[in-house]
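Colleague: This is the structure I have questions about; it appears just below.
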Ligand SMILES: Nc1ncnc2c1ncn2[C@@H]1O[C@H](COP(=O)(O)OP(=O)(O)OP(=O)(O)O)[C@@H](O)[C@H]1O
Ligand SMILES: [Mg+2]
């Protein structure tokens, strides 16, 4: 019974990012680095939002603040109306590097994240972990060690590990950036399928325009120094989306042109983002 409940979809969360600013002291410069400047963004339940922008525009900083790994200097993040002050199992993070434990096999890596779910019995934990490994296509690799896996397989394990505690929000920081084009394309398909099946709210960081258009319901365009949202693009292409379709390429060109309008260091007033 417990297991059935565990494997059901939890209702996805809504996120409200309200006027978040963050600066870092810089060793190289006398002035602090203004990583984020009054960034506001509402993400509805089950939405897939991509944060897009050049290096240094504050994407990871914002994701870390949503995860509760970093504190904002001012402003706040609300998850289902409650202020985020620390990491929680309802908001799981996935990074560019899989950050798996090399001394554990695939199954134990996924089981590790289930320690966040104290209500489950040992056998149930195992069944939950196995079901997520199946979801990401790794049912035959339970006992492989991390060094035996390809880059794409490692990211699949990392995805299963992030999904296993059944979070309401998935935060992804360039999770496919280090992969070859073919593996990445497969993962775009898998992630879209999993997102539709498992009904998560996803905030996905990337600097790859086509990736953002392939995955996002909305693409938020950031500019750096200070990090601000400049424009948003609603992507209404049917799913599953094909990275190589003409329509997708056309949308990506529009966004790429916008990206070029915000050169480094230019200061423009922040955009008020409303849905
Ligand atoms: N812990 C830190 N200490 C000092 N400066 C930092 C720290 N974290 C981020 N920064 C600075 O804040 C700015 C935003 O960094 P952030 O990592 O959020 O950018 P990003 O958009 O994720 O870039 P990338 O695409 O390269 O990952 C950068 O100028 C960076 O140098
Ligand atoms: Mg980053």
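Colleague: Identify, please: which residue in segment 99-111 is away from ligand 2 (no atom under 16 Å from the Cβ) and either within 20 Å of the chain's Cα centre (by Cα) or at pLDDT below 90 (or both) and is, among those, farthest from residue 133 (Cα to Cα)? Talk me through it step by step, then tell me what you get.
Modeller: Of the residues in segment 99-111, the ones away from ligand 2 (no atom under 16 Å from the Cβ) are 100-111.
Applying the additional criterion that residues be either within 20 Å of the chain's Cα centre (by Cα) or at pLDDT below 90 (or both) yields 100, 109-110.
On the way: 100: 14, 109: 11, 110: 8 Å.
This residue is 100.
Colleague: Tell me the residue from 213, 146, 209, 203 that is more than 19 Å from residue 244 (Cβ to Cβ), crowded, with 19+ Cβ neighbours inside 10 Å and in contact with a helix residue (DSSP H, G or I) (Cβ under 7 Å, 6 or more places away or on another chain), please.
Modeller: Just a single option satisfies the conditions, and that option is 203.
Colleague: Provide a single number: the residues in segment 95-123 that are surrounded by fewer than 17 Cβ atoms within 10 Å (Cβ to Cβ) and in a helix (DSSP H, G or I).
Modeller: Counting residues in segment 95-123 that are surrounded by fewer than 17 Cβ atoms within 10 Å (Cβ to Cβ) and in a helix (DSSP H, G or I) gives 6.
The values are calculated or read from the model by the stated rules, or taken from the named source; none is laboratory data. This is a predicted model, so every value here is computed, not measured. Glycine also receives a Cβ, built like all others from the backbone with ideal geometry; neighbour counts cover every protein chain displayed.
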